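This report concerns only the one structure given below.
The values are calculated or read from the model by the stated rules, or taken from the named source; none is laboratory data. Nothing here was measured: the structure is a model prediction, and the numbers come from that model. So basically every Cβ, Gly included, is an ideal-geometry build from the backbone, and we count neighbours across all protein chains shown. Quick note on the areas: whole protein, heavy atoms, side chains included, nothing else; ligands and nucleic acids left out. Shrake-Rupley method; radii C 1.70, N 1.55, O 1.52, S 1.80 Å.
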Amino acid sequence: MKEEKKKTKQPRWSDLNLTNEKLIKMYHSMLLIRRFEERAAQEYGKGKIGGFCHLYIGQEAVGVGTIEALREDDYIYTSYRDHGQAIARGVPINESMAELFGKVTGISKGMGGSMHFYDIEKGFMGGWGIVGGHTPLAAGTAFATKYQGRDSVTICFLGEAATNQGVFQETLNMAELWKLPVIFICENNGYGMGTAISRAVAGDNLYEKAASYMMNRGAVNGMDVIEMYREISKAITIARTEFKPTFLEARTYRYRGHSMSDPGQYRTKEEIEEYKKLDPIETFGRELIEWNIVTEADLEKMDEEIKAEVLKAVEFADASPQPPLEMLYENVYA
Amino acid sequence: MQLSAFMRNNFFTEIMATITYIEAISKGLWEEMERDSSVFLIGEDIGVFGGAFKVTKGFLKHFGEERVIDTVLAETAIIGAATGAAVVGMRPVAEIQFSDFVTTAFSQLVNNTASIHYRWHLSCPMVVRLPSGAGIHGGPFHSRNPEAWFFHQPGFKIVAPSTPYDAKGLIKAAIRDNNPVLYFEHKRLYRHIKGEVPETEYLIEIGKGDIKREGNDISVITYGSMVHMALEAAEVLRSEHGVSVEVVDLRSLMPLDTELIFSSVRKTGKVLVAHEDNITGGIGGEISALISQHCFEYLDAPIQRLGSLDTPTPYSPPLEEFFLPNTKKVVAALIELAKY
Ligand SMILES: Cc1ncc(C[n+]2csc(CCOP(=O)(O)OP(=O)(O)O)c2C)c(N)n1
Ligand SMILES: [Mg+2]
């Protein structure tokens, strides 16, 4: 009895070897993504950012919980909804904002824009605009690292609607058959554009799509950065030591439209409000305060600092030059 | 605009409504669905969402979900299923959200769909709507003009309207055609181009081009978004250089209206072939070859071509502008031709 009580006095992450510093970093990373994107939305409204821009707001815990569990020599692939994972991976926000602005200082030199972030130094392999099209690339990278005798893992984020692409099933089969160190993190945010998952995927549990390959699989609360970290850590160990893939369904929600031009008539305001109560940043912040890891004032100060940093990124992007015209031809061939 | 006035004077005196290019496509689809219950729509987000560009807004409510089918995100299956339905008496109209994504349905289209009639003598009356084109800062995967890939594959009819009038007449003709028709609709024209369209029913014959402006000195052979640039450039050549430019809008890319092309070239003796797709391997190469073969003795200048530059589409707005053809570039090409 006494033992039990003592146990509950422990924070729920006590089994995870997370330092206070690391916990604060996770919070910081989520907040940085949130503020970066809120600002990006404003700049889009002002016409500073063009084309298509998909925000990650609401889903931050998935990217941060996953990426915080990685090593520097691991790789990350993701879809066009890619700002969050890039920032979580430490891709600098100045260069990220500059990419949105289409400037030459951007991480893809202004050639890719919002959907095509990329930073090889950080093992951030993009940023891909064709839904599901990046999934076999992740398998290929995992194949290569295994072949090269490295114990890196490759993470492949994808939306739940992306699992409907044939290429994704082809990739799952290959990954399990070849025992590849790749982890598929399916960000189930309930919608593919305006189509609810119930109208798009047959069957109840999305993660069971991996069942026919007998792949390691499961679902995780994607609104909870600690749960993400916990489940990913298990999958990473399996990938590094046994060279086996995992398919994880992270249940999450996007607050904003599919892209900037989506009025969102396919869902109710109440539904959005319900999910906002589970907000990954707010809930985790409260927990950090409860466990005396930070104070309310600390978090407020952090928020102010982040906002200032994001503002500087906007200034950097604004002041950066356009790519020179001759750059159009420069990179068609190696 | 000038174009609609031209059409009014030349083609009809009926009651007209001024509508946008996108409204013209919607109206054409709507009328055909009302007319023929074997016509149905299939595609991603076309129902509840009303389509990524809202071409099919309001269709679900009126026609119901049996005929306005929101599919899963799976282009291969959409095209394959449309083909399977078409061969047993349906007339599916499939929407590929952006023409770039047709890549994932490539095998279905070029292997299965395109060869059905040749193998079985069975008609495959389906339409694939393909919103295409750059100029909206969509970057490399949301800006393509992939018509040439399919132009190379026998078995398709291909159309690419430039005006609301043509857009409506061609979508209706495409739906009634007994072959697979690829319908390229330019995203930038959707809300930018308005024009007059008759209230009464009309069709535009697939395979027939249209002279959008008559002229005597140079022919511009073009289609889609570039028709508008060619018309603007023609006006500049007239007013600033005293050169009379004829603008031939192909409207159909397969089959090509070679008679119209040749008669225009034989009249002017100088020709610019222009399209928004990049130059190398574009349809303009084939048209140029046909002209040189059939109109050689009429030519006073080498055939000129204009298109996007041969690179992927960059996101950067100034680079995208540099990459794309525009009115200025058409003017420059025409001035060069005029010198011969
Ligand atoms: C092959 C392909 N088809 C369609 C699209 C258009 N599109 C972009 S995102 C999207 C919905 C994807 O939903 P999901 O995979 O759940 O990811 P989410 O946007 O929710 O993050 C669609 C239909 C595309 N980019 N590529
Ligand atoms: Mg989704």
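The figures follow:
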read-out: Average silhouette area of segment A:198-257, convex hull of alpha-carbon atoms, in square nanometres; value: 5.2 nm²
read-out: Translational diffusion coefficient (Stokes-Einstein; Kirkwood radius from C-alpha pairs) of segment A:175-223 at 20 °C, 1.002 mPa s, in µm²/s; value: 173 µm²/s
read-out: Average projection area in nm² (convex hull over Cα atoms of chain A, one quarter of hull surface); value: 18.9 nm²
read-out: Spatial extent of segment B:5-196: Rg and Dmax, with the Cα atoms as the point set, Å; value: 16.0, 46
read-out: 15 Å beta-carbon shell around residue B:243, net charge (K/R +1, D/E -1); value: -3
read-out: Of every Cα-Cα pair in segment A:1-99, the percent that sits beyond 20 Å; value: 46 percent
read-out: Surface share of carbon and sulfur [accessible, 1.4 angstrom probe, percent] for chain A; value: 52 percent
read-out: Antiparallel bridges, percent of DSSP beta bridges restricted to chain A (to nearest 5); value: 10 percent
read-out: The protein assembly as shown - share of DSSP beta bridges that are antiparallel (%, nearest 5); value: 20 percent
read-out: Only Lys, Arg (+1) and Asp, Glu (-1) charged, at Cβ; chain A dipole about Cα centre in debye; value: 540 debye
read-out: At least 24 Å along the helix axis (C-alpha) and Kyte average at least -0.5, DSSP helices within chain A; value: A:225-242, A:296-319
read-out: From the C-alpha gyration tensor of chain B, square roots of 5λ in Å; value: 33, 21, 20
read-out: For chain B: accessible area per residue (Å², 1.4 Å); value: 38 Å²
read-out: Reachable lysines, given that their alpha-carbon falls under 30 Å from the alpha-carbon of residue B:212 and they are not under 8 places away in the same chain; value: B:27, B:54, B:157, B:168, B:172, B:187, B:194, B:267, B:270, B:328, B:329, B:339
read-out: Per residue solvent-accessible surface (Å²) - segment A:147-290, probe of 1.4 Å; value: 43 Å²
read-out: Interface burial for B against A (accessible surface, 1.4 Å probe, total of both chains, Å², rounded to 100); value: 2800 Å²
read-out: Cut-off 10 Å between beta-carbons: net charge of the residues surrounding residue B:272, Lys and Arg +1, Asp and Glu -1; value: +1
read-out: Two-site label geometry, residue A:14 and residue A:332: point separation in nm, points 7 Å out along Cα→Cβ; value: 6.4 nm
read-out: Relative contact order, percent, segment A:61-123 [alpha-carbon distance under 8 Å, six or more residues apart]; value: 31 percent
read-out: Rg(Cα) / (2.2 N^0.38 Å) computed for the protein assembly as shown, rounded to two decimals; value: 1.05
read-out: FRET efficiency, residue B:31 to residue B:328 (Cβ-Cβ, R0 56 Å, nearest 0.05); value: 0.90
read-out: Longest segment of chain B lacking trypsin sites (Lys or Arg not before Pro) that sit in a DSSP loop with at most 13 other Cβ atoms within 10 Å; value: B:1-190
read-out: Backbone N under 18 Å from the residue A:48 label point (7 Å along Cα→Cβ), restricted to segment A:299-334; value: A:304-323
read-out: Rg/Rh (Cα only; Kirkwood hydrodynamic radius) as it applies to segment B:210-339; value: 0.95
read-out: Estimated FRET transfer efficiency when R0 is 25 angstrom, pair residue A:291-residue A:28 (beta carbons, to 0.05); value: 0.95
read-out: Neighbourhood net charge (14 Å Cβ-Cβ; Lys/Arg +1, Asp/Glu -1) for residue A:260; value: +2
read-out: Solvent exposure, largest accessible area first (probe 1.4 Å, DNA, RNA and ligands not counted), of B:322, B:262; value: B:322, B:262
